[in-house]
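Novice: One structure follows; several queries about it will come next.
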Amino acid sequence: MKKEKRKRYKENKKKKWYNTKFNTNVYVSGLPKEITEAELSDFFLRCGIIRLDPHSGEKRIKIYEDNGIKKGDALISYAREESVDLAVEHLNDSEIKPGFKIHVERVSFIK
């Protein structure tokens, strides 16, 4: 019985970690077309932990494509809201690769 309670407690705690009431996403533009998710992850980890998808366990990084061709923009989801402020403040107008100055902004979802 104790094992079941402990398992449920861990599952509920994990759900709370992912169930946020705050917007923890940043939109990035100006990326090179050949950028990978791993490169984005390494660059944006400077400002905080990148959120993991609770089902797949993969980092929540979305590189936008049009017919299989990367468009040069992406969506990064952080685990904490404070990381968004840090990313906008420190990574906006910085070079991710030589000659590629990126623009980082807080995502605003229109309802």
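The values are calculated or read from the model by the stated rules, or taken from the named source; none is laboratory data. As the structure is a computational prediction, the values presented were derived from the model and not from experiment. Cβ sites come from the backbone with ideal geometry, for glycine too, and all protein chains shown count toward neighbours.
Novice: Among (1) modelled with pLDDT under 95; (2) under 24 Å from Phe100 (Cβ atoms); (3) of a type in the set (Phe, Trp, Tyr), there is one condition Tyr27 misses while meeting the rest; what is its number?
Specialist: (1)
Novice: Same structure, new question: How many of the residues in the stretch 68-79 are surrounded by fewer than 12 Cβ atoms within 10 Å (Cβ to Cβ) and assigned to a strand (DSSP E or B)?
Specialist: Restricting attention to the stretch 68-79, the residues satisfying the condition of being surrounded by fewer than 12 Cβ atoms within 10 Å (Cβ to Cβ) are 68-69.
From what's left, assigned to a strand (DSSP E or B): 69.
Total satisfying the criteria: 1.
Novice: Limited to the stretch 101-111, what total is found for residues that are more than 12 Å from the chain's Cα centre (by Cα) and surrounded by 15 or more Cβ atoms within 10 Å (Cβ to Cβ)?
Specialist: Counting residues in the stretch 101-111 that are more than 12 Å from the chain's Cα centre (by Cα) and surrounded by 15 or more Cβ atoms within 10 Å (Cβ to Cβ) gives 2.
Novice: Another question, if that's okay. Please go through the stretch 57-67 and give me each residue that is over 17 Å from His103 (Cα atoms) and outside any loop (DSSP other than H, G, I, E, B), ordered by number.
Specialist: Here is the first cut: in the stretch 57-67, the ones over 17 Å from His103 (Cα atoms) are 57-60, 65-67.
Across the stretch 57-67, the qualifying residues are Lys59, Glu65, Asp66.
Novice: Still on this model: Spot the failing condition for Pro54; the list is (1) over 19 Å from Leu31 (Cα atoms); (2) assigned to a strand (DSSP E or B), and only one is missed.
Specialist: (2)
Novice: Looking at Glu82, Glu39, Glu65, Glu89, which is the one that is exposed (fewer than 14 other Cβ atoms within 10 Å of the Cβ) and in contact (Cβ under 8 Å) with a residue 12 or more places away in the chain?
Specialist: Details: Glu39 fails: exposed (fewer than 14 other Cβ atoms within 10 Å of the Cβ); Glu65 fails: in contact (Cβ under 8 Å) with a residue 12 or more places away in the chain; Glu89 fails: in contact (Cβ under 8 Å) with a residue 12 or more places away in the chain.
After applying the criteria, what remains is Glu82.
Novice: Now for a different question. Do we have Val104 as in a helix (DSSP H, G or I) and in contact (Cβ under 8 Å) with a residue 40 or more places away in the chain here? Before the answer, list the steps.
Specialist: On the way: in a helix (DSSP H, G or I): no; in contact (Cβ under 8 Å) with a residue 40 or more places away in the chain: yes.
No, not satisfied.
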